[in-house]
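First up is the structure itself, then whatever we jot down about it.
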Amino acid sequence: MIKKLVRRIQFIMLEIGNYILKLTGRVPLHHYRRFVYRLFGLRIGSGSTIHMGAVFYKAKNIKIGRDTIIGENAVFDGREKIIIGDHVDLASEVMIYNSEHDVHSSDFSAISAPVKINDYVFIGPRAIILPGVTLGKGAVIAAGAVVTKDVSDFKIVAGVPAKEIGERKNTDPHYKLGRAAWFR
């Protein structure tokens, strides 16, 4: 009985924290949002920008590298680790999930696996990254793609499920992504 009560209280506290993070994502002050995210354990590299509307679940499991841009309304499922490298550009409404239901399980249990996004990756609007995926350095994920498998360095993928459609010509990137828009 006590264990059940403790688990219930822990769940309620987690949900309250997730709600505070969701409200924080709506505040139009970049520096304030970054401050609160860090209070909740999100690790954010210097020069990185998180635009309004981003949703983080279990922020303590998420690490964002340096000079990375997170677009509006992105969703990060932190039930497992999410590691995002340096100089990564995630467009608006990108969703990164690292836990999903096992549709073949009799109890519909969860399957969880970390997601890793290496340096200089670009993910287009409304793309979805599923559990256990690693995106190689410089990979490009087209808008609306659903990535179910690893993507090699500098490969370009598109579609549902995502399939390779090309390769980046610049295999030695050194660009910077720019500065934060304070009120976005």
(request) Taking amide H positions as placed in the peptide plane 1.01 Å from N, state which residues far from THR134 in sequence (5 or more) or on other chains have amide H under 5 Å from it. (result) LYS116, ASP150, VAL151
(message) Explain nothing, just compute: Karplus ³J(HN,Hα) = 6.51 cos²θ - 1.76 cosθ + 1.60, θ = phi - 60°, for every residue of segment 54-60 in order, whole Hz, x for Gly and Pro.
(response) 5, 10, 10, 10, 6, 4, 5
(message) I'd like the Karplus ³J(HN,Hα) series for segment 90-105: coefficients 6.51, -1.76, 1.60, θ = phi - 60°, whole numbers in Hz, and an x wherever there's a Gly or Pro.
(response) 9, 6, 5, 6, 6, 10, 10, 10, 10, 8, 8, 7, 8, 5, 8, 7
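Nearest 500 deg cm²/dmol is fine: what mean residue ellipticity at 222 nm does the chain get from its DSSP H runs of n ≥ 4 alone, each adding -39,500 (n - 2.57), divided by its residue count? Walk me through the numbers on the way to the answer.
On the way: 2 runs with 33 residues, N = 184.
It lands at -6000 deg cm²/dmol.
Pull up the DSSP beta bridges for segment 2-167 and report the antiparallel fraction as a percent, rounded to 5.
Details: 7 of 37 bridges.
DSSP beta bridges in segment 2-167 are roughly 20 percent antiparallel.
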(message) Among (1) 19.6; (2) 12.2; (3) 11.1, only one was calculated for this model; which label is it, if the read-out is mean projected area of the Cα convex hull in nm²?
(response) (3)
(request) Mind jotting down the distance between the C-alpha centroids of segment 17-72 and segment 118-175, whole Å? (result) 22 Å
(request) Just need the relative contact order of segment 88-171 here, percent rounded to a whole number, with Cα pairs under 8 Å and 6+ apart. (result) 23 percent
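Taking Cα pairs under 8 Å and at least six residues apart, what relative contact order does the chain come out at, in percent? Walk me through the numbers before you get to the answer.
Numbers: 484 pairs, mean separation 27.8, N = 184.
Reported relative contact order: 15 percent.
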(request) Apply the Karplus parameterisation 6.51 cos²θ - 1.76 cosθ + 1.60, with θ equal to phi minus 60°, to every residue of segment 25-40 and state each ³J(HN,Hα) to the nearest whole Hz, in sequence, with x for glycine and proline. (result) x, 9, 7, x, 9, 3, 5, 5, 4, 4, 4, 5, 4, 5, 4, 8
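Going by average Cβ neighbours within 10 Å, how do the peptides 63-70, 106-113, 142-149 rank, with the highest at the top? Each step should come with its number before you reach the end.
Numbers: 63-70: 20.6, 106-113: 10.9, 142-149: 17.1.
In descending order of packing, they fall as 63-70, 142-149, 106-113.
Computed from the coordinates by the stated procedures, all read-outs in this text should not be read as laboratory data. Owing to the predicted nature of the structure, the values given are computational and were not obtained by experimental measurement. Ideal geometry is used to build each Cβ from the backbone, glycine not excepted, and the neighbour counts take in all protein chains shown.
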